[in-house]
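First the structure, in the form of structure tokens, and then the observations on it.
The values are calculated or read from the model by the stated rules, or taken from the named source; none is laboratory data. These figures come from a predicted structure and were not determined experimentally. Here Cβ is always computed from backbone atoms with ideal geometry, including for glycine, and neighbour counts include all displayed protein chains.
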Amino acid sequence: MQHGRNGLAAILAASALLLAAPGAANASAQPAQGSKAKTGSSRAVQHGAGKEARAKARQAPAVATRTAAGKGAPRKTAASSPAIQEASGAEARLIAVYELFGRGQTRPALAKARDLVRDYPNFQLAHLVYADLLATQVPPAHAFSDAGVARLRSDPAMADLREESRRRLQALRERPPAGTVPSQFLALSTRSRHAIAIDASRSRLYLLENTDKGLQLVADYYISVGKSGIDKATEGDARTPLGVYYITSSLDPKSLRDFYGAGALPINYPNPYDVRRGKTGGGIWLHGTPSQQFARAPQASDGCVVMANPDLKQLLRKVQIGATPVITARSLQWISPPQAEKEARTFTSTIAAWKDARTSGNETLLKKFYLTDFQRNSNKKSLDGSAVLRDEVEYAQGKRVQFKDVSYLHWRDGDDTMVATFGEVFDGEKSGRTRRQYWLRQGGDWKLFYEEVLG
């Protein structure tokens, strides 16, 4: 195998990251925090086919992708690596190319890369990898000069593709420990059949299914966030918000520009906690990519979360309007279900005490659970704290109530907050209110600052 003395370090960096340690991509591995991708020298660049493939990588060819799910994807056999088993579709095929090259099987890797760019002609990263592989076939005497390679390395589009490659491999190498859940999900109602958690540091969206055995990780996808990063604060800052959100609608792709791809899922940014902190802006969606572009750079949107269209189509089949939670985090921390249950217990005692205070009819006792600027939104009408207290006492005094379909989503971001969603039914009645409450911890006590009556 002929290797040049310089190059863009695209495929070697990715392969080194994946193959750095045996079994590194195993799903039981503990995710590392803040790890850096390894880099190395790549091949010399071919003046003919390699140069042409790199040009395709820099540009988004206006060709419709063939989106047949898994077409030509490597089979999951006993010999398949954990990384391939964790990926799906086009990404799985790209990882297979990396692994073949890492084992020194350059020609099979080249063949698979050629098939990949044929089937996904708008997958720019695949074109870059194909170009690197073509370059391995060129003798050093025909390589670009150091100055030519330096110019390619400085091309922003090439830097974006290298970072996309690094993020994809990092997420597949640093898998969540088996049987764990994101730390925000302390309890999830059975009405929420799925939940979404986004880890911006890994450019990854994790889809969890709410089963009778608890939350189970069922899929994860590469995503792009805001071009200015995360932690949105103001309108137009091109950042993706961090927090606890819900899917509010699903927009028909026929009503959208091609820019948004296969569809769009708006979330409720700014949520009441965002508003309380003075955050502004809106129009934050999970959406797809233009038809000429398979994926976007890790930081490329105006604040939305962007997915490849085949991945978004899978997600669209799973979400429920108003019931699917979306966690967007700087870096997800994964905990065991018993740990989540333990953290939920202290808050459960607060909810129980709040319920008892309502039933007692003691407005003074009930008032201790509310911040002075508390507000409730019910049927698009806003009520302040004093009006809500009177309503609660009249509504619940002397009645036994049962809570059902309970969700507790915990968010720590300077403050300690909880988003609690539940239905309540009084004894002898068939239905009641569904509430979504926002609680803030002050000292050792939880206080209500906002509530939505959902129905």
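Filtered by the rule that a residue be surrounded by 14 or more Cβ atoms within 10 Å (Cβ to Cβ) and on the phi > 0 side of the Ramachandran plot, the stretch 402-421 gives a lone residue, Asp405.
Among the residues of the stretch 320-334, the ones that are touching a helix residue (DSSP H, G or I) at 6+ places or on another chain (Cβ under 8 Å) and assigned to a strand (DSSP E or B) come to 2 in all. If I ask for residues that are closer than 18 Å to Met158 by Cβ and in a loop (DSSP other than H, G, I, E, B), which ones from the stretch 104-135 would you list? Answer for the stretch 104-135, where residues must be closer than 18 Å to Met158 by Cβ and in a loop (DSSP other than H, G, I, E, B): Asn122, Phe123.
Consider Gln320 carefully, then state whether it is in contact (Cβ under 8 Å) with a residue 12 or more places away in the chain, outside the structural domain of Val419 (by TED's automatic domain parsing) and either buried (at least 19 other Cβ atoms within 10 Å of the Cβ) or charged (D, E, K, R) (or both). Against the criterion (in contact (Cβ under 8 Å) with a residue 12 or more places away in the chain, outside the structural domain of Val419 (by TED's automatic domain parsing) and either buried (at least 19 other Cβ atoms within 10 Å of the Cβ) or charged (D, E, K, R) (or both)), Gln320 does not qualify.
Table: residues versus (1) closer than 21 Å to Tyr273 by Cβ; (2) assigned to a loop (DSSP other than H, G, I, E, B); (3) in contact with a Gly (Cβ under 7 Å, 6 or more places away or on another chain).
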position: Glu209; (1), (2), (3): no, no, no
position: Leu217; (1), (2), (3): no, no, no
position: Val225; (1), (2), (3): yes, no, no
position: Lys232; (1), (2), (3): yes, yes, yes
position: Ala238; (1), (2), (3): no, yes, yes
position: Tyr246; (1), (2), (3): yes, no, yes
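Evaluate the following for Pro290: is it surrounded by fewer than 22 Cβ atoms within 10 Å (Cβ to Cβ), in contact with a strand residue (DSSP E or B) (Cβ under 6 Å, 6 or more places away or on another chain) and not assigned by TED's automatic domain parsing to the domain that holds Val406? Spelling it out, it is not the case that Pro290 is surrounded by fewer than 22 Cβ atoms within 10 Å (Cβ to Cβ), in contact with a strand residue (DSSP E or B) (Cβ under 6 Å, 6 or more places away or on another chain) and not assigned by TED's automatic domain parsing to the domain that holds Val406. At least 3 residues being under 30 Å from Arg193 (Cα atoms) and outside the structural domain of Arg191 (by TED's automatic domain parsing) is the threshold, and among the helices (runs of 4 or more DSSP H) wholly inside the stretch 337-455 those reaching it are 337-360. For Thr190, the requirement of being in contact (Cβ under 8 Å) with a residue 40 or more places away in the chain, hydroxyl-bearing (Ser, Thr, Tyr), more than 27 Å from Glu164 (Cα to Cα) and outside the structural domain of Tyr438 (by TED's automatic domain parsing) is met.
Do we find a residue being assigned to a helix (DSSP H, G or I), touching a Lys or Arg at 6+ places or on another chain (Cβ under 7 Å), surrounded by fewer than 24 Cβ atoms within 10 Å (Cβ to Cβ) and modelled with pLDDT under 90 anywhere in the stretch 188-206? No.
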